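Starting off with a structure, shown below.
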Amino acid sequence: MKPMQERLSVVLPTYNERENIPLLLKVLLSVDQPYELEVLIVDDDSTDGTDELVRSWAKSDSRIRLIRRVGRSGLASAIKEGLLNATGDIAAVFDSDGQHRPQDVFDAVRKLKEDNLDLVAGSRFLTEAKIKGLSSRREGGSSFANSLAAISLPRKYGQLTDYMSGCLVIDIKSCLPYIYAVDVHGFKFFYELLSISKGKLNVGEVALTFEPRLHGKSKLDISILWDFMISFLHTSSFRLLPRRAISFGIVGGTGVVIQLLSTQTLLNMSQLDFKEVLPISVILAATSNYLINNSLTFRDKRLNGISLLKGLLRFLLVASLPAMANIGLATAFYNIVARDTLWAQMAGIFVVFIWNYVAASRFVWNAH
């Protein structure tokens, strides 16, 4: 009897990759390799017909499976869902934009097997790697992010060169408990996996030839950079504080600046005294906090249109009790403790942070 081939599951997250996916599949399915392939394409409800194209391929090739996601999105969650649906003993994850070569992925599979590793990442920064598809600005940003990541992760992973890699080969059995635990709101799946594994995985790297993107534009935007900052602080604080609380706190810090600047500006430009300008500054700061949190902290539940306005009113209502406490405490501090507008306001701001976070999470972004 012919021995059964070992199955390799390939997870390809997609969002509007209709122009890229056909060539990638053609190359992937034609590479000479010893595994029985299962290709899981996890599509975040693309608007360009990616899912329709993949469905047509799947009808003629049983190796291809489409997982179309509606009402949930994000690269890390797509990777996690693909891995949890994989039926192979080994799984490979890489981008669908043509920047990762299938041949490099199969080299990583071979290294995983030969070196008896739990995980192998494709690295853009090993000496043998070739970077063709990364601008100098993004290359510098990735290098900086890698330097920060190395500081926050267990020492065992200190020899790695690319913590931001999107090209991974994983032994499903040994990594499954950590895959389950990955926070899908995190920055990079690989970084999160290393963080929660606490140095228990045996990890290696292979050099990548990082190609230019075939079609379309990179998904990198300010929200991705924000996620990295939050993930870094979350990991550096031993994951004790909730990720959203860290984000909410940083946004609250911008609100502090806006309140202080608004107060000083109004004092300088009007005839109003401190007690009269303070309520205006508090409302301006609360509105700013709401809009930034809606765009970043709670963007997976982002409110738009009329819901955005209703959410603002709800947020101001939720914040009204602590806002009055803020104003009352700041005024009392100013009148009784010290006539110092800075510390008077800081005393009020400190008191209301926890209430705002818990109440806003429950009654604003979970209310629709």
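The values are calculated or read from the model by the stated rules, or taken from the named source; none is laboratory data. Here the structure is a predicted model, which means the values were calculated and not measured. Please note: Cβ atoms are built from the backbone with ideal geometry, for glycine as well, and neighbour counts cover all protein chains shown.
Checking L29 against (1) hydrophobic (A, V, I, L, M, F, W, C); (2) at pLDDT 95 or above; (3) surrounded by fewer than 21 Cβ atoms within 10 Å (Cβ to Cβ), which single condition isn't satisfied?
Of everything listed in (1) hydrophobic (A, V, I, L, M, F, W, C); (2) at pLDDT 95 or above; (3) surrounded by fewer than 21 Cβ atoms within 10 Å (Cβ to Cβ), L29 misses just condition (2).
Taking the conditions exactly as written (in the same structural domain as Y178 (by TED's automatic domain parsing), assigned to a strand (DSSP E or B) and acidic (D, E)), does E17 satisfy them or not?
no
From the list L83, L112, L119, pick out the single residue that is within 16 Å of E38 (Cα to Cα), out of contact with any Lys or Arg (no Cβ under 8 Å at 6 or more places or on another chain) and buried (at least 16 other Cβ atoms within 10 Å of the Cβ).
Testing whether each residue is within 16 Å of E38 (Cα to Cα), out of contact with any Lys or Arg (no Cβ under 8 Å at 6 or more places or on another chain) and buried (at least 16 other Cβ atoms within 10 Å of the Cβ) leaves just L83.
Every residue, every condition in (1) outside any loop (DSSP other than H, G, I, E, B); (2) on the phi > 0 side of the Ramachandran plot; (3) touching a residue at least 24 places away in the same chain (Cβ under 8 Å); (4) surrounded by fewer than 21 Cβ atoms within 10 Å (Cβ to Cβ), yes or no:
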position	(1), (2), (3), (4)
A150	yes, no, no, yes
S165	no, no, yes, no
V169	yes, no, yes, no
S174	yes, no, yes, yes
P177	yes, no, no, yes
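If the requirement is being under 29 Å from V70 (Cα atoms) and without any contact (Cβ under 8 Å) to a residue 12 or more places away in the chain, which of these qualifies: I306, I292?
Selected residue: I306, the only one of I306, I292 that is under 29 Å from V70 (Cα atoms) and without any contact (Cβ under 8 Å) to a residue 12 or more places away in the chain.
Name every residue in segment 46-72 that is surrounded by 14 or more Cβ atoms within 10 Å (Cβ to Cβ) and in contact with a helix residue (DSSP H, G or I) (Cβ under 8 Å, 6 or more places away or on another chain), in order of residue number.
T50, L53, V54, W57, R63, I64, R65, L66, I67, R68, R69
Here is a check on your reading of the model: is A58 aliphatic (A, V, I, L, M), in contact (Cβ under 8 Å) with a residue 60 or more places away in the chain and closer than 15 Å to L12 by Cα?
No.
L53 - would you say it is assigned to a helix (DSSP H, G or I), in contact with a Pro (Cβ under 8 Å, 6 or more places away or on another chain) and of a type outside the set (D, E)?
For L53, the condition - assigned to a helix (DSSP H, G or I), in contact with a Pro (Cβ under 8 Å, 6 or more places away or on another chain) and of a type outside the set (D, E) - is met.
Which of the residues spanning segment 132-168 are modelled with pLDDT under 90 and farther than 21 Å from L225 by Cα?
Selection gives K132 alone.
Any idea which of V351, V337, V318 is assigned by TED's automatic domain parsing to the domain that holds L266, more than 17 Å from S247 (Cα to Cα) and either buried (at least 19 other Cβ atoms within 10 Å of the Cβ) or modelled with pLDDT of 85 or more (or both)?
After applying the criteria, what remains is V318.
Another question, if that's okay. Within segment 129-145, is even one residue among the aromatic types (F, W, Y), within 28 Å of I196 (Cβ to Cβ) and either out of contact with any Leu (no Cβ under 7 Å at 6 or more places or on another chain) or not assigned by TED's automatic domain parsing to the domain that holds D32 (or both)?
Yes, the conditions are met somewhere in segment 129-145.
Kindly evaluate L126 against the criterion of being over 17 Å from Y35 (Cα atoms) and aliphatic (A, V, I, L, M).
Spelling it out, L126 is indeed over 17 Å from Y35 (Cα atoms) and aliphatic (A, V, I, L, M).
Hey, any hits in segment 281-295 for a residue that's under 27 Å from F228 (Cβ atoms), under 32 Å from the mean Cα position of the chain (by Cα), among the aliphatic types (A, V, I, L, M) and surrounded by fewer than 22 Cβ atoms within 10 Å (Cβ to Cβ)?
yes
Any residue at all in segment 227-237 that is under 30 Å from E17 (Cα atoms), at pLDDT below 90, of a type outside the set (D, E) and surrounded by fewer than 18 Cβ atoms within 10 Å (Cβ to Cβ)?
yes
Let me ask you something else. With within 27 Å of S231 (Cβ to Cβ) and surrounded by 17 or more Cβ atoms within 10 Å (Cβ to Cβ) as the only criterion, which of L308, L303, L266 stands out?
Only one candidate qualifies: L303.
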